[in-house]
Amino acid sequence: MEDIYRKYLADPGALQTLRASEIPDQLFEKLDDSEKDSEFVAMASKTYFQDAWCRFRRNRMALIGLIFIALMILAAIVIPVLSPYTYDGQDMLMRNAPSSWAHPFGTDKFGRDILVRCMYGARISLSVGFAAALLNLVIGVVYGGICGFIGGRFDLVLMRIVDILYSVPTLLYVILIMLVFGANIFSVLLAICVSSWVGMARQVRAQVLSLKEQEFAQAAYVIGASKPRILFKHLVVNCMGPIIVNTTLMVPDAIFTEAFLAFVGIGISIPMASWGTMANDARSLLMSYPMQMVWPVAAICLTMLSLHFIGDGLSEALDPRKR
């Protein structure tokens with residue numbers, strides 16, 4: 001030890017040239033096996049979405065809303081298949097029947113089973129809601145992302161088109177589309193999607209404008225990444241949190257719009273059942289048989305409330321600033 005110390009004082013660089021065999025064992029002390037992992041934290045690594053799911057589950061209202069939507073989808077698939085009744089099957093001897101084992105929700109003024117019609121209406125309403133949200137997601141993300149990424153005069157022209165579409169009342173689009181294509185699911189879906197993607201496009205454009213000037217986007221450009229890759233692989237991915245939340249909140253808006261159109265008589269045509277057409281049919285019997293109005297309205301309210309809870313839960317789970 002003393003020889004090594006004197007040699008180091010005479011030549012400090014000599015210690016770096018020592019071989020392992022020349023260093024005595026007194027310089028090192030072996031750790032016991034029990035102490036080797038004393039500072040190890042046993043925690044499994046999580047991806048972004050795994051961590052978001054863990055935080056989403058802590059929100060009880062959002063989890064209850066998710067369970068309700070899952071049960072509603074399952075009931076909409078199973079009940080019309082297993083029930084002996086159809087959504088348009090009439091039985092004039094069972095008109096306006098109260099709740100019973102044969103008809104848990106009773107029957108309407110034409111003797112049709114309200115439970116089956118309500119579940120069949122769930123198929124239409126949920127299908128329209130999710131399909132409209134998906135189309136708005138694709139159109140809004142692509143349109144807004146391109147506008148924000150390119151910028152300049154191109155962005156100015158495209159955003160003025162968005163302003164023109166937004167300035168025209170949605171009901172006018174609906175009436176014109178219904179006159180051309182008739183009252184069917186395609187017409188309702190097209191009417192909802194004509195202008196509802198505008199909000200998504202504006203949000204994505206604002207996010208891309210702020211993200212494209214940051215270091216990671218500039219680094220991707222410097223190393224030679226293509227513009228579509230920078231836009232969709234780096235910029236859009238980094239604003240997926242607000243996009244997912246906005247898409248989730250589009251579903252109840254589309255469901256309510258479809259129900260409103262059916263209620264005023266310009267939506268799904270009779271005898272097809274949707275929650276809006278059921279509420280419209282029960283309107284004339286509201287004072288005599290109020291429960292016929294309660295079931296479709298309750299389905300609309302609970303579904304929209306559950307989807308809003310899910311949207312709030314996703315907003316807290318996907319936003320790192322709310323952790």
Self-check item: Among the residues listed as Tyr173, Tyr166, the single one being touching a Ser or Thr at 6+ places or on another chain (Cβ under 7 Å) and farther than 30 Å from Pro271 by Cα
Solution: Tyr166
Quiz prompt | Among the candidates Gly148, Gly152, Gly140, Gly144, residue that is touching a Leu at 6+ places or on another chain (Cβ under 8 Å) and of a type outside the set (Phe, Trp, Tyr) | solution = Gly148
Quiz prompt | Filter result for the condition that a residue is part of a helix (DSSP H, G or I), in contact with a Phe, Trp or Tyr (Cβ under 9 Å, 6 or more places away or on another chain) and either farther than 23 Å from Leu249 by Cα or at pLDDT 85 or above (or both), over Ile139, Ile175 | solution = Ile139
Quiz item: In the stretch 214-323, which helices (runs of 4 or more DSSP H) lie fully inside it and hold 2 or more residues that are in contact with a Ser or Thr (Cβ under 9 Å, 6 or more places away or on another chain), assigned by TED's automatic domain parsing to the domain that holds Thr86 and farther than 30 Å from Asp51 by Cβ?
Solution: 240-263, 275-283, 291-318
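Let's see how each residue does on (1) of a type in the set (Lys, Arg); (2) more than 24 Å from Gly106 (Cα to Cα); (3) surrounded by fewer than 24 Cβ atoms within 10 Å (Cβ to Cβ); (4) modelled with pLDDT of 80 or more:
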residue: Leu249; (1), (2), (3), (4): no, yes, yes, yes
residue: Ser274; (1), (2), (3), (4): no, no, no, yes
residue: Ala282; (1), (2), (3), (4): no, no, yes, yes
residue: Leu285; (1), (2), (3), (4): no, no, yes, yes
residue: Met293; (1), (2), (3), (4): no, no, yes, yes
residue: Ala298; (1), (2), (3), (4): no, no, yes, yes
Practice problem: Considering only the stretch 235-270, state which residues are of a type in the set (A, V, I, L, M), touching a Leu at 6+ places or on another chain (Cβ under 6 Å) and closer than 15 Å to Trp197 by Cβ. | Solution: Val251
Quiz prompt | Count - residues of the stretch 193-213 that are in a helix (DSSP H, G or I) and either polar (S, T, N, Q) or free of Cβ contacts under 8 Å to residues at least 12 places away in the same chain (or both) | solution = 5
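The rows are residues; the columns are (1) in the same structural domain as Gly267 (by TED's automatic domain parsing); (2) within 24 Å of Ser226 (Cα to Cα); (3) free of Cβ contacts under 8 Å to residues at least 12 places away in the same chain; (4) not hydrophobic (A, V, I, L, M, F, W, C).
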| site | (1), (2), (3), (4) |
| --- | --- |
| Ala102 | yes, no, yes, no |
| Leu115 | yes, no, no, no |
| Ile139 | yes, yes, no, no |
| Gly145 | yes, yes, no, yes |
| Val162 | yes, no, no, no |
| Leu172 | yes, no, yes, no |
| Met178 | yes, no, no, no |
| Ala183 | yes, no, no, no |
| Leu190 | yes, no, no, no |
Quiz item: On the given criteria, is Val78 more than 25 Å from Thr257 (Cβ to Cβ), part of a helix (DSSP H, G or I) and modelled with pLDDT of 85 or more?
Solution: yes
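The values are calculated or read from the model by the stated rules, or taken from the named source; none is laboratory data. In this text, all values refer to a predicted model and were calculated from it rather than measured experimentally. Glycine also receives a Cβ, built like all others from the backbone with ideal geometry; neighbour counts cover every protein chain displayed.
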